[in-house]
Each structure stands twice: as C-alpha cells, then as structure tokens.
1. Can you list the trypsin sites (Lys or Arg not before Pro) in region 70-122 that are in a DSSP coil and have 10 or fewer other beta carbons within 10 angstrom?
2. I need the peptides 198-208, 35-45, 332-342 ranked by packing, meaning the mean over residues of other C-beta atoms within 10 angstrom, with the highest value on top.
3. What's the magnitude of the charge dipole for region 304-399 around its Cα centre, counting Lys and Arg as +1 and Asp and Glu as -1 at the beta-carbon? Answer in Debye, nearest 20.
4. When the dipole is taken about the Cα centre of region 88-145, and only Lys, Arg (+1) and Asp, Glu (-1) are charged at their Cβ, what size is it in debye, to the nearest 20?
5. Less than 12 Å Cβ to Cβ from Cys88, Lys/Arg counted +1 and Asp/Glu -1: what total charge do the surrounding residues give?
6. I need to check one value: relative contact order of region 348-402, counting alpha carbon pairs closer than 8 Å and at least 6 residues apart, in percent.
7. Could you compute the net charge surrounding Thr125? Neighbours are other residues with a C-beta less than 11 Å from the C-beta of Thr125; K and R count +1, D and E count -1.
8. In a shell of Cβ-Cβ distance under 14 Å around Lys360, excluding Lys360 itself, what net charge do Lys and Arg (+1) and Asp and Glu (-1) give?
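Rule-based calculations on the coordinates, nothing more; no lab input. None of these values were measured; they are calculated from a predicted model. FYI the Cβ positions are ideal-geometry reconstructions off the backbone, even for glycines, and counts take in every protein chain you see.
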Amino acid sequence: MFLRSFGFALLLSCPGVPHAQSPAEPCPAPQLDGGFLVPEQETYLHESSLMYACSAGQKPAVEGWWATTVCLNGLWSHTPQCINEDACFTPNIPNGKYNESPEGLWYREGSVIRVKCDEGYKHQTWGATASCRKGAWSSLPVCERSETSCDEPPKVQHAVVLQKYQDIFSADSEVRYECEHGYSLEGTNARKSILCVAGSWAIVPSCIKEISKPGAGDDVDTSGGIKKPVDGSRARGRGTASAAAAAAAAGGAASAAAAASAAAGGSTASETGSGTTSDRTESTSSPLTIAVVNCGSYPKVKNGDVVRRTQMFLKYACNGFYKRVGPEKVMCYNNDTWSTLPTCKEAFCQLDLDEYTNYKFQESGTIILKERETKSVACIWENFSSRITCAQGKVRLTQCCHYMDHYYQRCN
C-alpha cells in the first residue's frame, strides 16, 4: 500500500509526465429581454451554438434579424441582446478611428461619431462626422491616403531604421538609419535622419565599409596604398614619384628632372636663384590633388550630403527641396585642404494654410512645394479647390473654384 501511494505521488511530481486536462466549462443560459433562445436549456456544453431572435421593434445587437452565439469554455462569444431597431451597429472605417460607444457593439439613435484619419491619411471630403438615424449612419467619412505621405523608407544595405515598421508615413515624418558594425553612413556620423516631404523621402544615405585612416607619418598614393617616407618627412614623401610623374605629364623634361631632384632631397634651380621658366612655373603651381582619405573627415554641406565617393573625389548633391550652387565634385589637396565646396540654395515654397482662413480650405497646417510645383488643395465645398503654385520662391494662390470651371480658367 505504501509503495503504491509513493508511486502515485512520484508520478504527480515528475516533470514531463502528461497530466489529464480539466474539462472545458459549460455556459449558463443567458438572460434575453425582448427575444427568445433556441434551443432553450439551463446549461450549454462547450462549443455549443445558441440562436436567438428579437420581438417586433427590436433587433439583435449584431448584424442580421437573427443571431448566433457560441459557448467557449464558460463564456459566450457575445452576450445575446435585443436593441431598438433604430440603433446603429459599429461602423467599419478603414484607416480611421472614432469615439467608442458606451454600449459596446452598437450606438443609440441620434449618436454622433467624429472620425480621425490615421497617420498618412486624410478625409476624402470635408465631412469628419456621421450620425445614427433610423438604424443607419449618415454619410460615413472616408479616409484616403494623403498625397503628401510617403511609403516605407527606402531599403539601405547594411542598415536598419530605428523604429517600428510601418508602410505609410505622414508628411514631415522623420526616420533614422543606423549601419551595422563595421559600416558607416557615407559622409556623416554613425546615424542620420531623413524627412518625408511632399510625398517623397529626402536623399537616402548609404552604408559603406569603414576604411582605416592612415597615421600622421603615412602617405597615401593614388593607388590607395600607404607608404612611409624614406626620411620620415611627410612633406617630402608626397613629392616623390607623383611629382615627377605630374611634371612629365605636363610635357616638360626639365621640370620632371627638377621634380625628381627635389624628391631625392636635392636643390632645384629655383632654390639657387638660377632656375628656368619651367622651374618658376613649378614652384608657383596650385597644390596637387591626392587621395581623399588624406584630408580626414568629409566636409559638411548644409542641406546636402555626399552621394558618391571615389579614391580621388567626393560628389555632393542637395536635398530634394534645394539646388546645388558651385562645384559638384570636391577634392583633397596635398596641403591637407579641400577644394571649394558647393552650397545648397532653397528651391521650395512654404505655406501655412491656417493663415488663409478666407479661402475656406478643408485642410490645415503647413504644405511645402518644390520650385515650379503646383498643388490643388480642397476647399470646404464639394468639388471646390484652390490651385497653389511655387514660382521663384513665392507662392501664388487662386480662389476656391469648381473642378468643372475649365481647369481653373475662371479662377486666375
């Protein structure tokens, strides 16, 4: 007897041994005012179905003139309820949210809901509310995608976006990229944000393999290799074969010889005061361009960024609402300086719709247009809108006009 009791206790205490599952609970019969249940029972087994209908002037709290509920482990999938036939069911409004009903699944006659569109969406018409009348909703608002919203941020190899994924972003949304270990954003620090402006993302970064910087006494030739100066002098190390090659390429044999002599540590003719014309030209020429890694961190251009990097130059581009002024390429000189940088000049217009209340715009907030871009902004009257144009940095608006007015000819 003792052994049998001990064995039973051991079976209950051993992990991994299957235990008998407790049976699913039945459901008690629900109370239903103003209707009847089929079948009528005191209790209903798990997964049993129960149908019900309501008396004249009433209807079930879910769609249809009769309804079905299911017993699920002691609870009904929905509690049977009969409501006034003039009540409204919870509406389905894609991409929009509205105030919940205190009744749960339905709204009383005369209830009003106010719809707020999700991020990146706007109201299709000027109406943002709906009311329950005689069991139906009056003109439910529709949320459509805004033309100023953006798709998901572009994919960047070796990078992630530092936020939860979503496929629609509203205007002015900002996302931040970060590169994986061993990579860095080209021409920037380890992180960078891009902005959604007027339906498109600003210039997207790229993650490049990090390159070890040369030491203070190293020199980088045009083939990308690092070589040590023979005498430890960085300045003289840069004037070796590259100086002689540059002079020879210019077609001057004497200049090439002079450059080679300088590379070997000898004096040029110009240093002794008896130099030739070629010698004087060599001594006053502009600095030589060398590999860009020699100049350290890349120079920053406000509202622009590096979009291409080669061994010998950086290529800059401006963000979507700016235009470049100045050189497109920037090079590194052998005196540790950069060539002239470009600048990014504004090429957009900005308009605060809230400041133009007399135009009766349906939308609010600020819109941004690129240079020579035209947009239509809906007014509060159906099929009426205003045309807004950006030209030479200035905004031009038309009055609210009907779509059928021959493409706004009578609005100008």
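1. none
2. Those peptides, ordered most packed to least, come out 198-208, 332-342, 35-45.
3. Taking the Cα centre of region 304-399 as origin, the dipole is about 480 debye.
4. Values: 8 positive and 6 negative charges, 33 e Å.
Rounded to the nearest 20 debye, it is 160 debye.
5. Within the 12 Å Cβ shell, the charges total -1.
6. Relative contact order comes out at 31 percent.
7. Working: positive: Lys122; negative: Glu144, Glu382.
Within the 11 Å Cβ shell, the charges total -1.
8. -4
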